[in-house]
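The values are calculated or read from the model by the stated rules, or taken from the named source; none is laboratory data. If you're wondering where the values come from, they're calculated on a predicted model, not measured in any experiment. Note: ideal-geometry Cβ built from the backbone for every residue, glycine included; neighbour counts use all protein chains shown.
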Amino acid sequence: MVKLAIDFGTSYTKIFRLGSGIVLAEATALTVSKETGEIRAYGNEAKRLLGKTAEATNVVFPVYEGEIVNEQYAAALLEYFLSKVVKRAFGIEALFCVPSGCSAASREKYYRVAKSAGISRVNFAETPYLVALGQDIPLSESNPVFAIDIGAGKTSAAAFSLDGTIAGLTMNVGGNNMDIHIIDHIADLFNLKIGALSAEKLKNTVGSLIENDYQSTVVNGRDVTTGKPRAVSVSSEDILFPVRVYVDKILEYAELVLKKLPAEVSAAMCKNGICLAGGVCALAGFSDYVSKKLQMEAHLAGDVHTAVVLGGGRVVGSGALMRKICLE
């Protein structure tokens, strides 16, 4: 039986295959005919069409804010991804990476989608645990860890040990919120309307939490007044406000978790620091900003985009971790 860890995220899906490592990383998107419902493109090919399709075609994201919102299209997309990494002759056991506190109803949706896509056995683990495991942080009953996973649609923050979660929460704040705010901010600042892909590119290329950072890039869009195409140069300083607003909101929630901790656990947090993963963590100056705000050392994953699914890979390769980490 093939063993997989699957991070079926709002923006991207990553799949880890035991014995092979990460075998897929593609956009969680499809293009669909409005008239017939027929799927025309999957994954990265579909996302590239965002904002460029004709009226007869929609770009669909079947996972939104960490929840499966369209089971039919989610199953079709997952089946397509699986066909790229597993031969039909094999049975599949999969561990799904889900937000902290993921409800039984949400897990049931993942279960139905997994079964529809041809997965034989389905397990679940919460992302903060996987962030730590993806960074090779040693977990034990006596060594509590604090981790934050910042996804495109949801952010999970939790303090935990192998005994279980001590305190945690999940918020509907993530990288997509930042992209939307960047779109509005560029319109206000430059009188230029840009699309979601351009906003994401801006965030990923010049997004920064460093004051007076003047890295810049050129972005193309439509002049709000004339309606004509126009290009402007945008610097890190230009988008600092929309970037910082959402990072501050995430850290505000993280502080709520920290305030719930018993004194001895808080002492351990001061010693161990905080583990961070997710695409937003790639912003320039992110770890220093978090350290200053939370007054504790911040540890970035070697690859912030894949730490969760790598942690999932560690779990599927260990029966002991499966028994300890997986949700009932």
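Taking the conditions exactly as written (assigned to a helix (DSSP H, G or I), within 19 Å of Ala282 (Cβ to Cβ), at pLDDT 95 or above and outside the structural domain of Asn272 (by TED's automatic domain parsing)), does His185 satisfy them or not?
no
Quick test for you: out of Val247, Val290, Val265, pick the one residue that is assigned to a helix (DSSP H, G or I) and at pLDDT below 95.
Val265
Within region 135-149, is there a residue that is touching a Cys at 6+ places or on another chain (Cβ under 6 Å) and part of a strand (DSSP E or B)?
Yes: region 135-149 contains one or more residues that are touching a Cys at 6+ places or on another chain (Cβ under 6 Å) and part of a strand (DSSP E or B).
Just a yes or no: is a residue in region 27-48 surrounded by fewer than 19 Cβ atoms within 10 Å (Cβ to Cβ), among the β-branched types (Val, Ile, Thr) and in contact (Cβ under 8 Å) with a residue 60 or more places away in the chain?
No, region 27-48 contains no residue that is surrounded by fewer than 19 Cβ atoms within 10 Å (Cβ to Cβ), among the β-branched types (Val, Ile, Thr) and in contact (Cβ under 8 Å) with a residue 60 or more places away in the chain.
Among the residues of region 25-57, which ones are in a strand (DSSP E or B) and either out of contact with any Lys or Arg (no Cβ under 6 Å at 6 or more places or on another chain) or in the same structural domain as Ser198 (by TED's automatic domain parsing) (or both)?
Passing the criteria: Glu26, Leu30, Val32, Ser33, Ile39, Arg40, Ala41, Tyr42, Thr57.
Hey, can you tell me all the residues within region 275-287 that are part of a helix (DSSP H, G or I) and within 25 Å of Phe8 (Cα to Cα)?
Gly279, Val280, Cys281, Ala282, Phe286 - these are the residues of region 275-287 that are part of a helix (DSSP H, G or I) and within 25 Å of Phe8 (Cα to Cα).
Inside region 267-281, can you point out the residues that are of a type outside the set (A, V, I, L, M), out of contact with any helix residue (DSSP H, G or I) (no Cβ under 7 Å at 6 or more places or on another chain) and crowded, with 17+ Cβ neighbours inside 10 Å?
Result: Asn272, Gly273, Gly278, Cys281.
When only residues in region 289-328 that are touching a residue at least 12 places away in the same chain (Cβ under 8 Å) and charged (D, E, K, R) count, which is nearest to Gly19 (Cα to Cα)?
The extreme case among them is Arg314.
Name the residue, out of Ala167, Ala199, that is part of a strand (DSSP E or B) and either closer than 30 Å to Lys324 by Cβ or in contact (Cβ under 8 Å) with a residue 12 or more places away in the chain (or both).
When all the criteria are applied, what remains is Ala167.
Can you name the residue in region 85-132 that is of a type in the set (Phe, Trp, Tyr) and under 23 Å from Asn172 (Cβ atoms) and, of all such residues, is surrounded by the fewest Cβ atoms within 10 Å (Cβ to Cβ)?
That would be Tyr111.
Among (1) over 23 Å from Gly285 (Cα atoms); (2) touching a Leu at 6+ places or on another chain (Cβ under 8 Å); (3) hydroxyl-bearing (Ser, Thr, Tyr), there is one condition Thr170 misses while meeting the rest; what is its number?
Every condition holds for Thr170 apart from (2).
Based on this model, can you work out whether Asp163 counts as at pLDDT below 90 and surrounded by fewer than 19 Cβ atoms within 10 Å (Cβ to Cβ)?
Here the answer is yes, as Asp163 does meet what is asked.
For region 168-176, indicate whether the set of residues that are more than 17 Å from Val63 (Cα to Cα) and β-branched (Val, Ile, Thr) is non-empty.
Looking for residues that are more than 17 Å from Val63 (Cα to Cα) and β-branched (Val, Ile, Thr), one finds none in region 168-176, hence no.
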